[in-house]
1. Would you list Ile45, Ile78, Ile22 from fewest to most Cβ contacts within 10 Å?
2. Quick one: of the DSSP bridges fully inside the stretch 66-191, what percent are antiparallel, nearest 5?
3. PRE reach from Asp197 (point 7 Å along Cα→Cβ): which of the stretch 104-124 fall under 18 Å by backbone N?
4. With unit charges on the beta carbons (Lys and Arg positive, Asp and Glu negative) and the dipole taken about the Cα centre of the stretch 46-106, which residue among Leu105, Phe93, Ser71 sits farthest to the positive side?
5. Can you sort Ser199, Ser71, Ser59 from fewest to most other Cβ atoms within 10 Å of each residue's own Cβ?
6. May I ask you to sort Asp203, Asp155, Asp122 by Cβ crowding, counting other Cβ atoms within 10 Å and putting the fewest first?
7. Taking Cα centroids, how far is the stretch 80-127 from the stretch 148-168 in Å?
8. With r defined as the distance between the Cβ atoms of Leu53 and Tyr136 and R0 fixed at 25 Å, what FRET efficiency is calculated, to the nearest 0.05?
Amino acid sequence: MVLEVCAAISNCLKTEVTQENIVLIVVNMSCTGLIDETVNITYVIHDNLIYGLTTGQTSPTSKQGFVTKTSPRGEWSIAINPLAQALTTHASFVARGFAGAPKQLKDILVQAVQHEGFALVDVLQPCVSFNKVNTYQFYKERVYKLEDTDHDTGDWDQAYKRAEEWGERIPIGVFYREERPGYEHNFPVLEKGPLVDQSLERDLDELFKEYM
């Protein structure tokens with residue numbers, strides 16, 4: 001199930017309505033609230049560092065100083081780093097792909113969907129119309145694949161250090177992965193399946209005896 005809805009609704013759908021894989025698609029971190037790092041959702045960010053569909057406004061991931069027609073003196077705030085934010089909130093799968101490396105991106109997305117728990121994938125995809133800075137050439141000259149290095153995806157500190165790397169070199173690949181029980185395993189009632197599929201009938205006699 002692929003959605004373009006807010007994170008809160010996705011969380012509710014996953015825990016209460018369906019056992020299907022849910023892929024939440026957002027643009028430039030425009031939907032970040034109420035993400036539970038243990039809910040089994042794949043969170044894919046279309047990250048072109050600008051709002052292209054609205055003709056070139058700065059976005060939450062636009063770098064500080066980035067000039068647009070709505071920010072002629074440059075973006076004043078520090079850009080949100082999706083990877084660092086996900087790691088800080090202890091997401092169990094954090095990765096970044098690049099539209100110019102489609103085979104690796106496909107592999108990352110497959111791993112993210114198959115992962116049990118919250119998986120974030122930041123996809124660098126240039127906006128050819130309104131972002132003349134972060135172009136395909138810009139990325140091709142800078143990106144390098146983590147799988148070609150000695151990066152340890154189980155090392156949180158190393159993952160965070162890589163996540164903060166941006167400039168002359170930009171890492172892409174799986175930054176962090178941790179296997180741990182998902183959200184539903186913490187609630188016995190959810191192990192029976194989504195709430196919508198469960199009967200509302202309950203034997204309240206024992207409950208009344210316990211609390212009355």
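1. Details: Ile45 27, Ile78 8, Ile22 21.
Neighbour counts put them in this order, fewest first: Ile78, Ile22, Ile45.
2. On the way: 4 of 13 bridges.
Within the stretch 66-191, antiparallel bridges account for around 30 percent of the total.
3. So the set is 116-117.
4. Going by the Cα projections, it comes out as Leu105.
5. Working: Ser199 6, Ser71 16, Ser59 24.
Ranking Ser199, Ser71, Ser59 by Cβ neighbours within 10 Å, fewest first, gives Ser199, Ser71, Ser59.
6. Values: Asp203 7, Asp155 13, Asp122 26.
By the 10 Å Cβ count, ascending: Asp203, Asp155, Asp122.
7. 13 Å
8. On the way: r = 19 Å, r/R0 = 0.76.
The pair Leu53/Tyr136 has a calculated efficiency of 0.85.
Read the figures in this text as sums done on the coordinates, not as results from a lab. Computed from a prediction, not measured in an experiment: that's the story for all the values here. FYI the Cβ positions are ideal-geometry reconstructions off the backbone, even for glycines, and counts take in every protein chain you see.
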